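*Asks:* Take a look at this one; I'll ask things after.
The values are calculated or read from the model by the stated rules, or taken from the named source; none is laboratory data. Please read these numbers as outputs of a predicted model, since none were measured by experiment. As a convention, Cβ positions derive from the backbone with ideal geometry for all residues, glycine included, and neighbour counts pool all protein chains shown.
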Amino acid sequence: MASVTYDHVSKKFGDVLAVNNLNIQVEDKEFLVLVGPSGCGKTTALRLLAGLEDISDGTISIGKRVVNDLAPKDRDIAMVFQSYALYPHMTVFDNMAFGLRLRKMPKDEIKRRVDKAAAILGIGELLQRKPRQLSGGQRQRVALGRAIVREPNVFLLDEPLSNLDAKLRVQTRAQISKLHKDLSTTFIYVTHDQVEAMTMATRIAVMNFGVLQQIDTPHNLYEQPANKFVAGFIGSPAMNFFDGKIEKANGKLVLDAGHFKMDVPKNRTAAYEPYAGKAVTMGIRPEDVHNDKFAPSNITPAKVDAKVEVVELMGNEIVAYFKAGNNDFVGRVDPRSEYTYGDKVQVVFNADNMHLFDKETEKAIR
């Protein structure tokens, strides 16, 4: 087993800096997810580790060995791609065994490894079928099996679920999480889907424009985002943002967002007081937006007049879209809420869970 280290790694494609001074230490047996929007550099970072792209600057190590100049086959990694890339004329067994045969591995060892991987993935009965006889989920498991039989130190997965339908994605991501625990191997997983990242990762590395924005546990990323980008990217629906100004009034701090004002909770006063008189951005997550009739009694409430724009009935909750002044925002409200389009309502923000960001740097104010 092995750790992985990105040490000041950069990659340029002409004048484009796809990965900019990336520093990540992936621990042995960790499940790290690289997440971010399209073009953020996450797949390039994975391909640099796999040896499919040359590094422009910095070093990548697997364990204690620098792998910058090693061929992909010598890095002791296995990669699962977005496309299944199965040989259509070969059986499942032959697809999984192909790489081992190229290495001149004994037949008995090949069979042992393929049978073991097939048992782990629950595809033992499919070994004699051709890829065209398989469903999308089964093909994805074969692609995983082809990586497992190599028994590598590091598994690399590049958006492996993107070709599956919604229900199958949920099932397969649970299988991959279980696979990680069963194999006790280092996994590095790339996705643009923050729900996948939150549900699977030991830690998440959020990237944007080739730059690492924050790396932390899913819980800490959600509760303590380092900046506005991370706050808006992690969470579904996304965090709501309101431009405003911190003011002092009657010995208290108040956030003036134009259409509404809200008192700053006492436990935030020390952190926010240096920003009195300055422009800031306030963030509030949809689950902290409540119907005033069903707002919890143990929160610091901030009442906001709003107009209902869209109502999505989800069964266990209602996702409602509102407009307050020039601000559009969304709330995950109690399913008993009887909202309809055009209603003028009063919603309650949970001020205890507000986030504040510097207007210029967009960094979180702690």
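*Asks:* Looking at the stretch 299-318, which of its residues are over 19 Å from ASN353 (Cα atoms) and either among the aliphatic types (A, V, I, L, M) or part of a loop (DSSP other than H, G, I, E, B) (or both)?
*Replies:* Within the stretch 299-318, ALA306, VAL308, VAL310, VAL311, LEU313, MET314, GLY315, ASN316, GLU317, ILE318 qualify.
*Asks:* Can you find a residue that is out of contact with any Gly (no Cβ under 8 Å at 6 or more places or on another chain) and touching a residue at least 60 places away in the same chain (Cβ under 8 Å) anywhere in the stretch 57-70?
*Replies:* yes
*Asks:* Is there a residue in the stretch 352-362 that is surrounded by fewer than 18 Cβ atoms within 10 Å (Cβ to Cβ), touching a Pro at 6+ places or on another chain (Cβ under 8 Å) and hydrophobic (A, V, I, L, M, F, W, C)?
*Replies:* No - not one qualifying residue is present in the stretch 352-362.
*Asks:* Which residue pairs have Cβ atoms closer than 6 Å, lie 6 or more positions apart in sequence or on different chains, and pair a first residue in the stretch 78-97 that is of a type in the set (Gly, Ala, Ser) with a second residue that is in a loop (DSSP other than H, G, I, E, B)?
*Replies:* Partner pairs satisfying both residue conditions: ALA78/ARG150; ALA78/PRO152.
*Asks:* Could you tell me which of the residues ARG112, ARG101 is among the charged types (D, E, K, R), exposed (fewer than 14 other Cβ atoms within 10 Å of the Cβ), assigned by TED's automatic domain parsing to the domain that holds VAL19 and touching a helix residue (DSSP H, G or I) at 6+ places or on another chain (Cβ under 7 Å)?
*Replies:* Only one candidate qualifies: ARG101.
*Asks:* Which pairs turn up if I take residues in the stretch 169-185 that are buried (at least 17 other Cβ atoms within 10 Å of the Cβ) and look for partners that are small (Gly, Ala, Ser) with beta carbon separation below 8 Å, at least 6 apart in sequence or on another chain?
*Replies:* THR172/GLY137
*Asks:* Let me ask you something else. Would you mind stating whether LYS116 is without any contact (Cβ under 8 Å) to a residue 60 or more places away in the chain and within 22 Å of GLN175 (Cβ to Cβ)?
*Replies:* Criteria met by LYS116.
*Asks:* Please work out if PRO160 is outside any helix (DSSP H, G or I), out of contact with any helix residue (DSSP H, G or I) (no Cβ under 8 Å at 6 or more places or on another chain) and either without any contact (Cβ under 8 Å) to a residue 12 or more places away in the chain or of a type outside the set (S, T, N, Q) (or both).
*Replies:* Judged against the criteria, PRO160 is not a match.
*Asks:* Look through the stretch 341-366, keep the residues that are touching a helix residue (DSSP H, G or I) at 6+ places or on another chain (Cβ under 9 Å) and of a type in the set (Asp, Glu), and return whichever of them is nearest to ASN267 (Cα to Cα).
*Replies:* The residue in question is ASP352.
*Asks:* Hey, another quick one. Among the numbered criteria (1) on the phi < 0 side of the Ramachandran plot; (2) surrounded by fewer than 19 Cβ atoms within 10 Å (Cβ to Cβ), which one does GLY342 miss?
*Replies:* Only one criterion in (1) on the phi < 0 side of the Ramachandran plot; (2) surrounded by fewer than 19 Cβ atoms within 10 Å (Cβ to Cβ) is unmet by GLY342, namely (1).
The rows are residues; the columns are (1) crowded, with 18+ Cβ neighbours inside 10 Å; (2) more than 30 Å from the chain's Cα centre (by Cα); (3) assigned by TED's automatic domain parsing to the domain that holds GLU312.
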site: GLY244; (1), (2), (3): yes, no, yes
site: VAL264; (1), (2), (3): yes, yes, yes
site: THR269; (1), (2), (3): no, yes, yes
site: TYR272; (1), (2), (3): yes, no, yes
site: GLY283; (1), (2), (3): yes, no, yes
site: GLU287; (1), (2), (3): no, no, yes
site: LYS293; (1), (2), (3): no, yes, yes
site: PRO296; (1), (2), (3): no, no, yes
